[in-house]
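The values are calculated or read from the model by the stated rules, or taken from the named source; none is laboratory data. Please read all numbers here as calculations on a predicted model, not as lab measurements. Neighbour counts are summed over all protein chains in view; Cβ atoms, including those assigned to glycine, are modelled from backbone coordinates with ideal geometry. With ligands, DNA and RNA removed, areas are computed over all heavy atoms of the protein, side chains included. Shrake-Rupley method; radii C 1.70, N 1.55, O 1.52, S 1.80 Å.
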Amino acid sequence: MAVYKRTYKGYSGPLTSPLWRFTVLQRYAFKAIFKSRFLLIGYVACFFVPLLAICFLYLNQNASLLAMVGQKPGFLKIDAGWFHNFLTAQAVLAGVLTAFVGPGLVAPDLANGALPVYLSRPFSRFEYILGKGLVLGSLIASITLFPLLTLFGIQSSLVGYQWFEKNLYIGGGILFSCLTIMVVFILLGLSMSAFVRWRIVAGALVLAVFAAGKGFGAVINGVMRTSNGYYLDLQYLLSTIATDLFRQTPEDPPISPLSAWAAVITFCVLLLLLINRKLRVCEVAG
Amino acid sequence: MDAIILDNVSKFYGEVLGVNKVTLSIPPGITSLVGPNGSGKTTLMNLIAGLLQPTRGGISVCGLSPSDPEHFFRTLGYATQYDGFPRGLTGWEFVRNYLRLFGFSPKDTERMAWESIDRVGLREASQRKIAGFSKGMRQRIKLAQAIAHRPKVLVLDEPLNGLDPLARAETIALFRELGNEGSHVLISSHILHEVDLISDQVIMMSQGYVVAEGQIRGVRDEISEQPMQVLIRCDKPDVLASQLFHHSQVVEAKVHADRGGLLVRTHHAESFYKLLNRIALDGVRIESVAPADDDAQSIYEYLIGSEESTK
Amino acid sequence: MMTLWNRQILAIMRIDLAKTFFAKRGLWIYLLALSPAVPMLLHSLLDRHEGNSDFGQDVQIFAGIFQFFYLRIAIFFGCVGIFMNLFRGEMVDKSLHYYLLAPVRREVILVGKFLSGLVASVTIFCGSVLVQWCSLFCHHPASLLNSYMFTGPGASHLVSYLVAAACACVGYGSVFLAAGVLFRNPLIPAAVILLWESADGILPALLKKISVIYWLKSICPISIPSPKGNNSILNLLIFDVDPAPARVAILNLMLLAGFVVVWAAIRARRIEIGYGSE
């Protein structure tokens, strides 16, 4: 007679809905990221300029204070250019944040064989990428999209509905520019860490994509006497798109906003292909 | 001068204890370091080999200090537990490259590399890339690297892991050979019955502390709170049991399932053996008497098992 | 003792040079080093110009590319890849302990690794300078080339570029080797150095001299002014200071490298193996 000891009891508690299961990855990700004191300090420092900007907007509309220095409210012009400059500064910080945070999300999972553990659960590759991307995306959004929209809201509330109505396109520019930056940076961070698996080199590669792209683009422009090198300059491409969304495009730009969109989309597709190729459960050991 | 000496050695990783107040003098021969995972065995070995620096205390190996690597590592060979290897190398290149760092001539380097590879029985596979080696082959090539320069002191962290039974037997024979040549062989292992077979002395660790050291039987004698177990093979175990219960030094007697023997627990082994002689004269035919718990496994359970169970 | 150290340094170099030159993971360094040569070769093949003005333009373009792309980006990131890999890469591969278990002083290991990184980087980046030089100028008429190279300043320009590239490898190499020894995440010092070197244009004159790029620019034969961007406020801050004499620049870079390598060697004595945290 066989004896079966039924001691194992499976989990019978509530399950996260399959639709939102990708958000599970976020639960511990932030704790792991901010375990590094350097990253925590760096992240907090990213809010320094937005806080300064809020004070600036307030002071710029404070009639009593400005009267003391003989100025009228709004003596400094807050327009699309101002928001564009602010976005540029925050985007640079977002790029550095991507270089430090992005590789730490995927590379350790690949190096330590954790990916098969994730994917042996009811959890797809797409959900994994989405979940990891969301971690990075939410950090980027917190230093670009949210501060910019907050500033836009504060300026609107200080000046009035007319300003808001007239400059609604700035809000649209902020939203779409930040979303574009987020998508590109997320894909760049994830793909580089999947590509090299070594967190530090992946981070250096993220920085190198910006620096080397810009430099090599300039080399092509210089040597070939052309402006096609700008297509390799990711920073320039994103800046061209943002300039267009903020309605600031100069009369004769080296490359048109439409071409910049096409180049960025191509770049994103290439990064997606790289992620698809590298983020696999099976691999052949060499 | 001929011993591995640890003098009040402690190692802390921040607030985490690695090993604490370890004082040892390990003589030549085969010494086993046993203890559960996280007990500090690898930390102790890394400290002896100079891969870690003690927070407190001092270490010397045959009178040499890890701070003098040029002499120290000619005396000591260490096969670590780390499974990493330099990328892209064959087994042969791995051993040869290591020997090159000693400054030997190319001819000597080649000869010594082949000798050590032969000694671990890996000549045929040695021209293949290590990346394609099995776990057992990787263990053996690490061993070849550790013994290649013929060190006087050999430190081996879990060297039997991943070896098949044949390779294990061959490796154990190699340890014996090295021990007989007068080398120090310090082995850490979880496989306690193998430790029992090969080691001259044992060091037991738990939670960063050394809980016992010395020859296994000597260590057993020191554990007074645990009654000694004696296995008696005899023709009338029930009669023997009933006679033994009249005497206070016997704590427990268990008749074997095959009714051909008896397991007795006693606090006073010597007086018990005298008692047994008397009983034998009374007509019980005793075939054999043997201590049942002076092996490493039992000592391990007495000393460490109780600590583990209290966690 | 010196003979033993020499033999050990040579052994370390043999091991590490093979890894640096032939590793698949180092392929991107070759791509980065040779990347300027591709458009230069295309330019030679597709845009065949005649005349002194184009030749003069090409000389200026080479100087600009060398100063703003090759030194600041290609060699910088190339040295990050080569020199940080020497120690930190071994930690990641869990193979550094094989060096530490050999009867070699830690200082000797460090010097051996530094020299192997230096030989590899100088070969790759100086080799690439020669390839770029040939790619850019080979399409010009032979008479023009001869007069530039042998009667004009061409040969000394080429030597200066080669010396500057080699000095960049020494300067950046020593700094990144030390970063690999001292920091668990050497990307942090690399990013800080990158920002510092990038900000060279807007730094005050005194601070400019605390950057590697200032001394490298001093070795370059043609001085190209820092480019100005679209931001008018930032442009006000951009200015150039007079370069130092080339000999002084070379000496300073060597002193910097010597100091950093000695410091890293002292710190290397305290290296512990803790792969779990990598």
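For a quick check, take a GNM of chain B with Cα springs below 10 Å and name the residue from B:LEU99, B:LEU51, B:LEU76 with the largest mean-square fluctuation.
B:LEU51
Taking the convex hull of the alpha carbon atoms in chain B, what volume per residue do you get, in Å³? If you can, show how the numbers build up before the last one.
Working: hull volume 51.6 nm³, N = 311.
Looking at chain B, the number lands at 166 Å³ per residue.
Rounded to a whole number of µm²/s, how large is the Stokes-Einstein D of the range C:1-130 at 25 °C and 0.890 mPa s, given Rh as the Kirkwood radius over C-alpha pairs?
Working: Rh = 16.8 Å.
The diffusion coefficient I find is 146 µm²/s.
Once you sort the root eigenvalues of the Cα gyration tensor of the range B:227-292 as a ≥ b ≥ c, which label holds: rounded (a/c under 1.5), prolate (a/b larger than b/c) or oblate (the other case)?
Details: a/c = 1.45, a/b = 1.19, b/c = 1.22.
In terms of gyration-tensor shape, rounded.
Hey, if you put +1 on the Cβ of every Lys and Arg and -1 on every Asp and Glu Cβ in the range A:132-286, which of A:THR243, A:LEU270, A:ILE181 ends up farthest toward the positive end of that dipole?
Result: A:LEU270.
About its Cα centre, how strong a charge dipole does the range B:227-292 have in debye, to the nearest 20, once Lys and Arg get +1 and Asp and Glu get -1 at the Cβ?
Values: 8 positive and 7 negative charges, 5 e Å.
About 20 debye.
Can you grab the distance from the C-alpha centre of the range A:98-131 to the C-alpha centre of the range A:40-75, Å, no decimals?
First find each Cα centre; the distance between them is then 41 Å.
What do you get for Rg/Rh over the range B:1-79 if you use C-alpha atoms and the Kirkwood form of Rh?
Working: Rg = 12.2 Å, Rh = 12.9 Å.
With Rg and the Kirkwood Rh in hand, the quotient comes to 0.94.
Got the relative contact order for the range C:2-272 handy, in percent, Cα pairs under 8 Å and 6 or more residues apart? The partial results should precede the final answer.
Values: 289 pairs, mean separation 72.3, N = 271.
Result for the range C:2-272 is 27 percent.
Could you compute how much accessible area chains A and C hide from each other, both sides summed, with a 1.4 Å probe? Nearest 100 Å² is fine. The partial results should precede the final answer.
Details: alone 16730 and 14240 Å², together 28830 Å².
Roughly 2100 Å² of accessible surface disappears when A and C pair.
Would you mind getting me the FRET efficiency between A:VAL24 and A:LEU272? Use the beta-carbon distance for r and R0 = 22 Å, nearest 0.05. Walk me through the numbers on the way to the answer.
Numbers: r = 23 Å, r/R0 = 1.02.
Efficiency for this residue pair is about 0.45.
Measure up C:LYS24/C:LYS113; A:LYS35/C:LYS19; C:LYS24/C:LYS217; B:LYS11/C:LYS24; A:LYS35/B:LYS11; B:LYS41/B:LYS142 against 27 Å on the Cα-Cα distance and list the ones that go over. Can you show the working numbers first?
Working: C:LYS24/C:LYS113 19 Å; A:LYS35/C:LYS19 34 Å; C:LYS24/C:LYS217 32 Å; B:LYS11/C:LYS24 39 Å; A:LYS35/B:LYS11 24 Å; B:LYS41/B:LYS142 18 Å.
Violating the 27 Å Cα-Cα cut-off are A:LYS35/C:LYS19; C:LYS24/C:LYS217; B:LYS11/C:LYS24.
Determine the order of A:ASP109, B:ASP108, B:ASP164 by accessible area, beginning with the largest, at a probe radius of 1.4 Å. It would help to have the intermediate numbers written out before the result.
Working: A:ASP109 20, B:ASP108 60, B:ASP164 80 Å².
Highest to lowest solvent-accessible surface, that is B:ASP164, B:ASP108, A:ASP109.
Given springs between every Cα pair under 10 Å in a Gaussian network model of chain A, which of A:LEU205, A:LEU149, A:LEU65 has the largest fluctuation?
Top of the fluctuation ranking is A:LEU65.
Pick from C:ASN252, C:ASN146, C:ASN185 the residue whose mean-square fluctuation is largest in a GNM of chain C, springs joining Cα atoms under 10 Å.
C:ASN146
With solvent modelled as a 1.4 Å probe, how much accessible area in total do chains C and B shield from it at their shared surface, in Å² to the nearest 100?
2700 Å²
What is the ratio of the Cα radius of gyration of the range A:21-177 to 2.2 N^0.38 Å, where N is its residue count, to two decimals?
Working: Rg = 20.1 Å, N = 157, 2.2 N^0.38 = 15.0 Å.
Here the Cα radius of gyration is 1.34 times the empirical estimate.
Taking the 0 to 90 degree range and rounding to the nearest ten, how far is the long axis of helix C:2-22 tilted relative to the main principal axis of chain C, both from C-alpha atoms?
Between the helix axis and the principal axis of chain C, the angle is about 60 degrees.
Under the classification rounded if a/c is under 1.5, otherwise prolate if a/b is larger than b/c and oblate if not, where does the range B:60-206 fall, given a ≥ b ≥ c as square roots of the Cα gyration tensor eigenvalues? Can you show the working numbers first?
On the way: a/c = 1.70, a/b = 1.14, b/c = 1.49.
Oblate is the answer for the range B:60-206, as a/c is 1.5 or above yet b/c matches or exceeds a/b.
For chain A, what relative contact order do you get, as a whole percent, if you take Cα pairs closer than 8 Å and at least 6 residues apart? Display every interim value, and only then the final one.
Values: 281 pairs, mean separation 61.9, N = 286.
Contact order relative to length: 22 percent.
Where does the range A:210-275 land on Rg/Rh, using Cα atoms and the Kirkwood Rh?
0.99
How many nm is it between the label spots at C:ASP242 and B:GLU287, if each spot is 7 Å from the Cα in line with the beta carbon?
Using points 7 Å along Cα→Cβ, the separation is 10.6 nm.
Considering the dipole of the protein assembly as shown built from charges on the beta carbon (Lys and Arg +1, Asp and Glu -1) around the Cα centre, which of B:VAL289, B:PRO66, A:ALA218 is farthest to its positive end?
Farthest towards the positive end: A:ALA218.
How far, in degrees from 0 to 90, does helix A:257-278 lean away from the longest principal axis of the Cα atoms of chain A, to the nearest 10?
20 degrees
At 222 nm, what helix-only mean residue ellipticity would chain C give, in deg cm²/dmol to the nearest 500, using -39500 (n - 2.57) for each DSSP H run of four or more?
Value at 222 nm, helices only: -21000 deg cm²/dmol.
Quick one: accessible area per residue over the range B:227-292, 1.4 Å probe, rounded to a whole number of Å²?
Numbers: 3770 Å² over 66 residues.
Solvent-accessible surface per residue comes out at 57 Å².
At 1.4 Å probe size, put A:TRP20, C:TRP196 in order of accessible surface, largest to smallest.
On the way: A:TRP20 145, C:TRP196 90 Å².
Largest accessible area first, the residues go A:TRP20, C:TRP196.
Quick one: go through the range A:161-184 and flag any residue whose amide nitrogen is under 18 Å from the point 7 Å out along the Cα-to-Cβ line of A:ALA89.
A:174, A:178
Under the rule that an exposed site lies in a DSSP loop and has at most 16 other Cβ atoms within 10 Å, name the longest stretch of chain C with no trypsin sites (Lys or Arg not before Pro) of that kind, not counting the sites themselves. Please list the in-between numbers first.
Details: sites that count: C:ARG48, C:ARG184, C:LYS209, C:LYS228, C:ARG269, C:ARG270.
Counting only loop sites that pass the neighbour cut-off, the longest clear stretch is C:49-183.
Apply 1/(1 + (r/R0)^6) to the Cβ-Cβ distance of B:GLN127 and B:THR75, taking R0 = 30 Å, and write down the FRET efficiency to the nearest 0.05.
Values: r = 30 Å, r/R0 = 1.01.
Using R0 = 30 Å, I get an efficiency of 0.50.
With loop defined by DSSP as not H, G, I, E or B, and exposure as at most 15 other Cβ atoms within 10 Å, which is the longest segment of chain B clear of exposed GluC sites (Glu not before Pro)? All intermediate terms of the calculation are to be shown ahead of the outcome.
Numbers: sites that count: B:GLU15, B:GLU181, B:GLU225.
Looking at chain B, B:16-180 is the longest stretch - no exposed GluC sites (Glu not before Pro) with at most 15 other Cβ atoms within 10 Å.
How large is the helix-only mean residue ellipticity at 222 nm for chain A, computed as the sum of -39500 (n - 2.57) over DSSP H runs with n ≥ 4, divided by its residue count, in deg cm²/dmol to the nearest 500? Please report the intermediate quantities before stating the final value.
Details: 13 runs with 202 residues, N = 286.
Computed mean residue ellipticity for chain A: -23500 deg cm²/dmol.
Largest first and to the nearest Å, give the Cα extent of the range A:131-286 along each principal axis.
Between the extreme Cα coordinates on each principal axis of the range A:131-286 lie 66, 43, 22 Å.
Would you kindly give the portion of the calculated P(r) for the protein assembly as shown that falls above 57 Å, as a percent of all Cα pairs? Working shown, then result.
Details: 101371 of 382375 pairs.
Result for the distance tail: 27 percent.
For A:ALA32 and A:ARG125, what is the calculated FRET efficiency with R₀ set at 25 Å and r taken between the beta-carbons, to the nearest 0.05? Write down the numbers at each step before the final one.
Numbers: r = 21 Å, r/R0 = 0.84.
Efficiency at R0 = 25 Å is approximately 0.75.
How about B:LYS274: which lysines have a C-alpha closer than 29 Å to its C-alpha, ignoring those fewer than 8 places off in the same chain?
B:LYS236, B:LYS254
Starting from the Cα gyration tensor of the range C:2-272, take the square roots of the eigenvalues, sort them a ≥ b ≥ c, and report rounded, prolate or oblate (rounded when a/c is under 1.5, otherwise prolate if a/b is larger than b/c, else oblate).
Numbers: a/c = 2.10, a/b = 1.56, b/c = 1.35.
In terms of gyration-tensor shape, prolate.
Can you give the Rg and Dmax of chain A based on its C-alpha atoms, in angstrom?
23.2, 100
How much of the accessible area of the range C:2-272, in percent, comes from carbon and sulfur atoms when a 1.4 Å probe is used?
Numbers: 8080 of 11520 Å².
After summing per-atom areas, the C and S share lands at 70 percent.
Take C:ALA155 and C:LYS209, extend 7 Å from each Cα along the Cα→Cβ direction, and tell me the distance between the two endpoints in nm.
Label at C:ALA155, label at C:LYS209, 3.4 nm between them.
Go through the range C:63-71 residue by residue and turn each phi into a ³J(HN,Hα) via Karplus (6.51, -1.76, 1.60, θ = phi - 60°); whole Hz please, and just put x for glycine and proline.
For the range C:63-71, the Karplus curve yields 4, x, 4, 4, 6, 9, 10, 5, 6 Hz.
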